[in-house]
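Taking it in order: structure first as structure tokens, then the write-up.
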Amino acid sequence: MQALITFFIELCLLRRPPQDLPASEVLFAMVLGTDLIVGVLVGMTAGLSWIEGFLQSLVEVVLMLTALYLALKQLRLAQRFVQSGTALLGSGTLLGLIALIPLSLNPTGSETTDLATLGAFLLLGLVIWGIVVTGHILRHSFSITLGQGAAIAIAFEIFAVTLVTSLFGGA
């Protein structure tokens, strides 16, 4: 377990590529479950009920994994899905855990304090870093540049936020 956590930290620091992960469906399922649990925690910290957090996380994960699979299949790279999906889920889990810190700096979400402002800036930095990490994973998964991967990550994030907001009423 320690080696796996270390791997995801190194992946998020852009020191390891997703292909260094074993192509294990068991690991994929384990990381998927962990990502959904962290998504619930993030949602609850942001003021959602656990069921709303779970549903939003589920929609995002299904959307991400479906888009990844279809793109890889279209490019005849479907054999990379398990490693790429595991990398995206694992990095998302780690960044989600880190996001709990800035999210907890403004527990009510309504007050504008220096602490809440700091939390917002930290969260923005974390979102930007998440885009870079996703770009890094996509770079290796699709044999593209980091810039292209980051552009895809930004486009996907905009689409995912728009979809989740429309489905769940801006929560």
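Which one of L146, L163, L138 is open to solvent by less than 80 Å² (accessible area, probe 1.4 Å) and more than 16 Å from the chain's Cα centre (by Cα)? So that I can check it myself, show each step before the final result.
On the way: L163 fails: more than 16 Å from the chain's Cα centre (by Cα); L138 fails: more than 16 Å from the chain's Cα centre (by Cα).
Going through L146, L163, L138 in turn, just one is open to solvent by less than 80 Å² (accessible area, probe 1.4 Å) and more than 16 Å from the chain's Cα centre (by Cα): L146.
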Would you please list the contacts, defined by Cβ atoms under 8 Å and residues six or more apart or on different chains, that run from a residue in region 54-74 that is in contact (Cβ under 8 Å) with a residue 24 or more places away in the chain and among the acidic types (D, E) to a residue that is open to solvent by less than 40 Å² (accessible area, probe 1.4 Å) and part of a helix (DSSP H, G or I)? E60/G39; E60/A160; E60/V164
Are there any pairs, at least 6 apart or on different chains, whose C-beta atoms fall under 8 Å, with the first in region 76-89 and over 16 Å from L14 (Cα atoms) and the second of a type in the set (V, I, T) and assigned to a helix (DSSP H, G or I), and if so, which? none
Here the residues within region 133-171 that are closer than 16 Å to M64 by Cα and β-branched (V, I, T) are V133, T134, I137, I152, I154, I158, V161, T162, V164, T165
Do we find a residue being more than 17 Å from the chain's Cα centre (by Cα) and of a type outside the set (D, E) anywhere in region 81-103? no
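Conditions tested, residue by residue: (1) under 19 Å from I131 (Cα atoms); (2) among the small types (G, A, S); (3) touching a Gly at 6+ places or on another chain (Cβ under 7 Å); (4) modelled with pLDDT of 95 or more.
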| position | (1), (2), (3), (4) |
| --- | --- |
| V40 | no, no, yes, yes |
| M64 | yes, no, no, yes |
| A67 | yes, yes, no, yes |
| L75 | no, no, no, yes |
| Q79 | no, no, no, yes |
| L88 | yes, no, no, yes |
| S91 | yes, yes, no, yes |
| L94 | yes, no, no, yes |
| P102 | yes, no, yes, no |
Of the residues in region 11-47, how many are open to solvent by less than 30 Å² (accessible area, probe 1.4 Å), closer than 12 Å to G85 by Cα and part of a helix (DSSP H, G or I)? 4
Residues in region 48-81 that are surrounded by fewer than 18 Cβ atoms within 10 Å (Cβ to Cβ) and either of a type in the set (V, I, T) or on the phi > 0 side of the Ramachandran plot (or both): how many? 5
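The values are calculated or read from the model by the stated rules, or taken from the named source; none is laboratory data. All figures in this text were calculated on a predicted structure; none of them were measured in a lab. As a convention, Cβ positions derive from the backbone with ideal geometry for all residues, glycine included, and neighbour counts pool all protein chains shown. Note: areas computed on protein heavy atoms with side chains; ligands, DNA, RNA excluded. Shrake-Rupley method; radii C 1.70, N 1.55, O 1.52, S 1.80 Å.
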